[in-house]
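Structure first, commentary second.
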Amino acid sequence: MLNGIVVKAYNSFYYIQTGSKIVTCKLRGRFKKERFSLTVGDEVTYTLTSQDKGVIEDILPRRSLLKRPLAANVDQVVLTFAAVNPDINPALVDRFLVVAEFSELEIVLCINKIDLADTGVIAKLTERYERIGYKVLTVAAKFGLGIEELRTLLHDKITVFAGPSGAGKSTLLNALQPGLELITGEVSQKIGRGKHTTRFAELLPMAGGGFVVDTPGFSFTDFTDLAESHLMDYFPEISHIAAKCKFSTCLHFKEPQCAVKQAVADNLIHPERYESYLEILAEIKDSKKGY
Ligand SMILES: Nc1nc2c(ncn2[C@@H]2O[C@H](COP(=O)(O)OP(=O)(O)O)[C@@H](O)[C@H]2O)c(=O)[nH]1
Ligand SMILES: [Mg+2]
Ligand SMILES: [Zn+2]
């Protein structure tokens with residue numbers, strides 16, 4: 001029996017990677033009866049039926065399951081934003097952060113295209129997120145700047161790259177792993193749109209061990225899975241202080257003697273982070289109105 005990881009799923013064929021070798025496998029019949037849906041990132045055991053074909057015998061327990069993109073055992077997400085062109089939008093960063101926190105992923109915030117940006121602006125942005133406890137990397141993917149530190153963070157992990165179109169995700173991955181030859185720029189955006197229809201992401205192997213997923217499909221607009229009272233859990237600096245509010249049910253909105261609002265006034269919480277919180281809170285409220 002051999003061990004491997006599903007790197008691609010296509011038409012009920014599964015591409016299993018063991019070391020540097022890829023074997024095309026089908027599922028044992030009993031899994032079909034159980035309606036078990038195997039996905040990229042799943043670890044399996046299999047037997048060979050020929051040199052590069054086999055049958056999946058067993059599926060190892062999952063450590064995690066990400067819904068969008070659909071992938072198992074994802075360890076972390078690299079949220080990639082361009083500092084400029086397209087200009088970074090902190091409210092959008094916050095939305096991605098909430099989804100990543102909700103998905104219980106380790107988070108790396110990667111600010112790209114620093115060659116085009118003002119150093120003062122970059123320093124301020126970095127400070128804003130480092131202060132909360134996030135790991136922030138500043139890079140220029142196109143020039144291979146800052147790539148090494150990111151490469152070490154990917155080692156032996158399954159990492160999803162997410163962020164707006166044009167941020168430089170594909171350029172970054174090409175710099176990290178020469179040979180991937182992912183299409184970048186205008187063309188990739190057109191193809192990318194078509195590709196959204198594929199249900200499964202693909203794991204791309206890194207030479208140093210580990211896999212990456214290049215996807216724009218990491219959804220950041222849909223907060224309907226979230227309860228109002230839990231939103232604060234995904235803003236570390238808010239949940240950190242929430243216990244000091246007068247009311248244990250405080251949503252840090254209009255309640256009196258709210259420690260969070262006080263912290264915003266005292267500049268301990270960034271006012272735009274608090275605005276992001278209120279905005280998403282309102283969206284969650286709205287989405288639950290019809291029930
Ligand atoms: N100036 C500059 N341009 C970059 C950098 N990284 C990527 N780009 C450009 O930004 C555009 C979008 O990059 P791409 O990797 O396709 O973005 P994606 O949509 O996130 O995959 C391309 O024209 C890249 O050449 C960078 O570090 N500096
Ligand atoms: Mg791309
Ligand atoms: Zn409060």
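No value in this document is a laboratory result; all are computed from the given coordinates. Since this is a predicted model, take the numbers as computed values, not measurements. For neighbour counting, all protein chains shown are included, and Cβ atoms are generated from backbone atoms with ideal geometry for every residue, glycine included.
Sites listed here are GluC sites (Glu not before Pro) in region 76-106 whose DSSP assignment is loop and whose Cβ has at most 14 other Cβ atoms within 10 Å: 104. Taking 4.7 Å between C-beta atoms as the pairing limit, the chain has these partnerless cysteines: 25, 110, 258.
Shown here is the pair-distance distribution of region 1-113: with all Cα-Cα distances grouped in 10 Å bins from zero up to the longest one, the shares run 13, 36, 23, 18, 9, 0 percent. Backbone N atoms of region 22-63 closer than 16 Å to the 7 Å Cα→Cβ label point of residue 3 belong to residues 41-47, 57-63. Between residue 48 and residue 165, what is the FRET efficiency for a Förster distance of 51 Å, r being their Cβ-Cβ separation, to the nearest 0.05? Approximately 0.80, to the nearest 0.05.
Seen through its C-alpha gyration tensor, with square-root eigenvalues sorted a ≥ b ≥ c, region 2-59 comes out prolate because a/c lies at 1.5 or above while a/b is bigger than b/c. Note on the chain: Rg/Rh from C-alpha atoms, Kirkwood Rh, equals 1.02. Fewest neighbouring Cβ atoms within 10 Å first, the residues 206, 1 line up as 1, 206. Counting every alpha-carbon pair across region 210-291, the share separated by more than 21 Å comes to 36%.
The alpha carbon centroids of region 51-113 and region 115-184 are separated by 14 Å.
Computed about its Cα centre, the charge dipole of region 2-59 is approximately 260 debye, with only Lys, Arg, Asp and Glu carrying charge at their Cβ. The dipole here belongs to the chain: it is taken about the Cα centre, uses +1 on the Cβ of Lys and Arg and -1 on the Cβ of Asp and Glu, and is about 1000 debye.
Of all GluC sites (Glu not before Pro) in region 1-79, which ones are in loop regions per DSSP and have a Cβ with at most 16 other Cβ atoms within 10 Å? Passing both the DSSP loop test and the Cβ count: 34. For region 119-134, backbone phi angles converted through the Karplus equation (6.51, -1.76, 1.60; θ = phi - 60°) give residue-by-residue couplings of 4, x, 5, 4, 4, 5, 4, 4, 4, 4, 8, 5, 4, 7, x, 7 Hz, Gly and Pro being listed as x. For the options 267, 85, 174, a Gaussian network treatment of the chain with springs between C-alpha atoms closer than 10 Å singles out 267 as fluctuating the most. Enumerate by residue number the trypsin sites (Lys or Arg not before Pro) in region 234-263 meeting two conditions: DSSP loop (anything except H, G, I, E, B), and at most 13 other Cβ atoms within 10 Å of the site's Cβ. Listed in order of number, the matching sites are 244, 246, 254. From the square roots a ≥ b ≥ c of the eigenvalues of the alpha-carbon gyration tensor of region 65-214, which class results: rounded (a/c under 1.5), prolate (a/b over b/c), or oblate? Because its axes are fairly even, with a/c under 1.5, region 65-214 counts as rounded. Summarising the amide proton neighbourhood of residue 112: residues at separation of 5 or more, or on other chains, whose placed amide H is nearer than 5 Å comprise 81, 82, 83, 139.
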